[in-house]
Structure formats: C-alpha cells, structure tokens
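To keep things clear, I will list the structure first and then write my remarks on it.
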Amino acid sequence: MRRASFLCGLVVILSVLPSCGSVLAETIPPLPKIPDAEIAASYERAAVQNVLAAVNPKVFFGYWSVCADGQGFGYGNTYPSLDGHQMTDALLWLGQVEVVKANWDYVRSFQRPNGLLPLAIFPDKAGQKAVPGQLPTDLNNGGLYQHWVPGNPLAALAGPTYIQNADVIYRHTLDRAWLTVQIPSVNLAADHLASLVTDEGRVQGAGYYVERPTRLESDGVAQCYAVDAFRRIAALNRVLGDDPAARCYDELAERIQKNFVTQFWTKDHFAEYLHPQRGLIANHGLTDVDWASLATGIATSEQQAVLWPQLRSEGRFHYGGMPTGISTRPETYEPWEFTHPDRHDLAAMGRVWYLEAWARAQMGDAQGLLESVRKVSQVGRANGYFWRERYHPDGKGGVIPAGAEKYCEYPANLIRVVQRFLFGVDLRLDGSLVLMPTATAEYWDRGFGQTLVGSNRTLTYRMQRTRTEGTYQGAAPLRLGLRFPPNVAPIPERILINGQPAEIVREQDLIFLVLPAALQQAPCQFEVACRPTTDSRVD
C-alpha cells in the first residue's frame, strides 16, 4: 500500500470514531500495508465500517453488536459464542483491548455454576417468563442457554469460544494478573465441555455452528474445535504453573483426537456427523469437517495426504464463487436431517471460510488462501463493503444473499485471516512474536508489513523475499521469529541490531533473534537479510 493510501485510511478511521467513543481513536494501530489494492480496501472498510462501527458504548462500555448498523439481531443483544469470539479476535487486532476485556466481564457474569455459558443474551427478556413459541431465555438474566431449534444445536459451542477468547486476550496482552483472576472461570467452562465428552472420547451436542441441518448428535467440527480448545486451556494453565490441570486437559484433547481420527474417518474423508439412529453421515461430499481436521491439525499425516489433494482445488465449496459452504453437495441433504423446516445453513458462511483459510495456511497454500480473501473482498466491494450473513447457492452458478444485512462475521474474519494466515502473525504464550506469512511470490516481491501494538510494546516491520527490517520499542526484550518464503535458504547473510552484528538461532524453518528493550524516543532498529537459492520463487 502506498503511503498516500495508508494515510487516507487513517483519516477515514478518525472520521468515524466519534460514534464509537474516544477510547477507540487513542488505541487503533495503523492499517497494515497490504500490496493488493482489493484486499487493502476491504481490510480498511471491514475494520472501520463494520467491526469498529459495531462497538457501541451507549449500551455499555464493552458492548458491540453483531451487525455494523447496531440493529440486526436486536439492539443491545449480545451473542457471546461464535460471533463473540470472531469479534473479540478482530477487535484485539484493532487495538481494542479494554473494550474486549469489558465485554469478557459482561459475558462472564452470565456463567452458571456448572460452567455453562449462554449462546445469546437478550436483556429485555430478563424477568419475563417464556411462553410457548418464544425463546426459552433465563427468567433471571435473559440469557439463552439452550437453542430453540429441536435437538439443541450449538450445545458444544459456548465453551470452546470462551476458551478461545481467554487465549487470544492473553496472547495480545501477556497480562498474567488478568489470566490468574480469570482462569477459574475458564477452567469451569472447560469442565462443562468435558461433561459432553463420552468415555470413548466423542463430543456430544448437535451442530457446532450450524442449526439447520442440525447434525444430531455429534458434529465432526465440534470434535476438532474441542481438541483445539482443550489444548489451549492446557497451555494457559501451564503458563500459570498448574501442570496437573494442564495434563488433564491435554489428555482430554488426546482422547477426542484419537476417537475422531479412528471413528469418523471413512476411507477418503471424514464423516460429517454421527446420527443417534442412522450412524455416521458421510454422503454429502467433502465438508467443513475436512477443512477443520486440517486447520486444527488433528488429522493424521496419512489422512492429510489423502484429504489435501481433494480439498485444494475443490471449487464446489465456493457457492457462486463465495467462500465457503458447508459441503460440496448441498443438494443431497434429506428432510430427516432437519429438525426445523428451512435449510438455513446450506450456505457459504464466514465461519466456514475461516476454517478453509486456516487449513490452507497450515498446508502452505498461499495462492489458494489469497484467492479466497480476494473473493470475499470482491463480494464486499459489490455491496458497498457490507456483507450478508449467508450466501445460498441459487442453482444457476450464483448466490442468493440472505440473513442479516451488514453482518460482521465476514469482515471480522477478513481481519483475522489477513493477520493470522496471510501475514502469519503468531503471538506466542511465552511472549515471542513470530512472523510466518502464507504469501505468494507477488506479495514477497512487492513487500508487506505493519505496526503491531500490544502488551506495552510496538513492532514495525516490512518483509520481502530475502529481507526483513523494522523497529521495536518496549520495556522488555522481544524474541522475534521470522520465516522467509519457501526456497529461500534460512542462512542469513546480514543480521544487524542497531547497526551491530547480532546472533540468531535457527529452529526448523524459523530464524529467531532477540531485540533489546528500547524507549519510544530511541527504538531498536533491526535488519535480517537471507541468501536466496537458485530459484526462490513461491508457487
């Protein structure tokens, strides 16, 4: 992104911030410098026009809607599970730590003694007794703890997303005091999730993030996310020195993974779900379960070798070109698979796209990842940089947009996908910061970078094919990891910190160096130049 465009982006941000509260204007980091005009524009508008616009301190400090207009799905309502995590993560990348922490406190206040958290919170329902045909909200607080669709889909959703929120908040802040106070609540949510796990290691609960089809009784996506959640809560307990709790959660993750890779595998792909009467359901083609198995890294290496060639170029997941649908054969679902008459979730949705992007990053597919981001960006641009909740296939090669208008799922996930996968920013629990881009040759040639602000430190960097340079300021040293593109040998020709030669440590395909503490007035400067091989192009 050219400097003029970059500065223009800052002007746009500052012009809309009064509606979001002055705190946002003080904490928003600069926009990333993305060498792709389509994606750069979408990132900016996803951030400013959607995610930040959904923050509304007039309701309470820490409140955000799931829609940019603040009206979709009800003014003042909160959806702390799937939507809450997507927004939490995106807002952290946008520097909104205090907003996110305040929202966390609000959601935590609705946790029941057994660890159960609500799927949604409707304040105006508090004190009202539910009548037949209305949402079964809690009389005391307006929380929705059981889904209204028969079969109780999303039963295994709230716990993992709460754990994921704790994980990302700590990674962005390294706030041990905060984690120490919150860990009992997070462990309680993990224990409730554990109560849904059978002795053999199968997670019960219907559709993880889909309602219709309901995916009775054990959704494959839920198995993958449960493993991911238990690994994350184990790691958080280990940060605080509670090794017994960490081992307990690691053992749960291992048990679920073992059951999944043995019981859900059907020769060349994973079953979509286990139905209580009909057994494994695996006849809708490839599904989001296959993406999830690669994204979370729980498929065996042999299963990955079978799955990836099928998934990599499978265009039927993109309904009318829009990433990503739940299966490659949505027309094959039968009436008995729905406990509610409509087929609401046979659609492309941002939650599935995130899994696809995560899986492509895991497999090093830079071109496929970039193409998916561009497709989402193009659909947003065509609608004034707003996105709908769902995109149903129209049967003619196109899509029928549906659900809430100005819904924040796609824009929140666009921010997450760019940061986590395209730019490959890995904020590690030990305080290390690792840059592992999944970028194409064009990106490496043109260069990309950004300013990352968090946990009392600021890193500004620019990466190119054989060179990374930047500045750092912070009260403590920073262990910085770098991954250069494939076919570029990790053999540094020049490593300079403040103009002086420095030592590096190699760990597989990563180069680590330690940047010293530095004041804002005199930031540390660094440069790493690597040796290109004969052919250093990226596919």
Within the range 384-418, the count of residues that are within 18 Å of Gln49 (Cα to Cα), touching a residue at least 12 places away in the same chain (Cβ under 8 Å) and not basic (Lys, Arg) comes to 17
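Which of the following residues is in contact (Cβ under 8 Å) with a residue 40 or more places away in the chain, of a type outside the set (Lys, Arg), farther than 20 Å from Met363 by Cα and in contact with a Leu (Cβ under 7 Å, 6 or more places away or on another chain): Gly431, Gly447? Spell out how you get there, then give the answer.
Values: Gly447 fails: in contact with a Leu (Cβ under 7 Å, 6 or more places away or on another chain).
Testing whether each residue is in contact (Cβ under 8 Å) with a residue 40 or more places away in the chain, of a type outside the set (Lys, Arg), farther than 20 Å from Met363 by Cα and in contact with a Leu (Cβ under 7 Å, 6 or more places away or on another chain) leaves just Gly431.
Quick grid of which residues meet (1) modelled with pLDDT of 60 or more; (2) over 19 Å from the mean Cα position of the chain (by Cα); (3) part of a strand (DSSP E or B); (4) surrounded by 15 or more Cβ atoms within 10 Å (Cβ to Cβ):
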| position | (1), (2), (3), (4) |
| --- | --- |
| Phe6 | no, yes, no, yes |
| Ala25 | no, yes, no, no |
| Ile39 | yes, no, no, yes |
| Tyr43 | yes, no, no, yes |
| Val48 | yes, no, no, yes |
| Ala53 | yes, yes, no, yes |
Scan Arg351, Arg381, Arg388, Arg312 and give me the residue that is under 24 Å from the mean Cα position of the chain (by Cα), closer than 22 Å to Tyr43 by Cα and surrounded by fewer than 16 Cβ atoms within 10 Å (Cβ to Cβ). Arg381
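Tell me, which residue of the range 154-184 that is of a type outside the set (Val, Ile, Thr) and surrounded by fewer than 17 Cβ atoms within 10 Å (Cβ to Cβ) is nearest to Gln257 (Cα to Cα)? Spell out how you get there, then give the answer.
Filtering the range 154-184 down to residues of a type outside the set (Val, Ile, Thr) leaves 154-160, 162, 164-167, 170-172, 174-179, 182, 184.
Now drop any that are not surrounded by fewer than 17 Cβ atoms within 10 Å (Cβ to Cβ), which leaves 175-178, 184.
Details: Asp175: 30, Arg176: 29, Ala177: 32, Trp178: 30, Pro184: 25 Å.
The residue in question is Pro184.
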How many of the residues making up the range 117-153 are surrounded by fewer than 17 Cβ atoms within 10 Å (Cβ to Cβ) and of a type in the set (Gly, Ala, Ser)? 4
All but one of (1) touching a Pro at 6+ places or on another chain (Cβ under 6 Å); (2) loosely packed, with under 14 Cβ neighbours inside 10 Å hold for Thr332; state the number of the condition that does not hold. (1)
Members of the range 468-496 found to be within 22 Å of Thr533 (Cβ to Cβ), of a type in the set (Lys, Arg) and surrounded by fewer than 18 Cβ atoms within 10 Å (Cβ to Cβ), listed by number: Arg494
Quick one: count up the residues across the range 98-130 that are among the small types (Gly, Ala, Ser), modelled with pLDDT under 95 and either in a helix (DSSP H, G or I) or in contact with a Pro (Cβ under 6 Å, 6 or more places away or on another chain) (or both). 1
Which is more than 23 Å from the chain's Cα centre (by Cα) and more than 30 Å from Leu429 (Cα to Cα), of Leu280, Leu240? Leu280
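The values are calculated or read from the model by the stated rules, or taken from the named source; none is laboratory data. The structure presented is a predicted model; accordingly, all values stated were derived computationally and were not measured. Note that each Cβ is placed from the backbone with ideal geometry, even for glycine, and that neighbours are counted across all protein chains shown.
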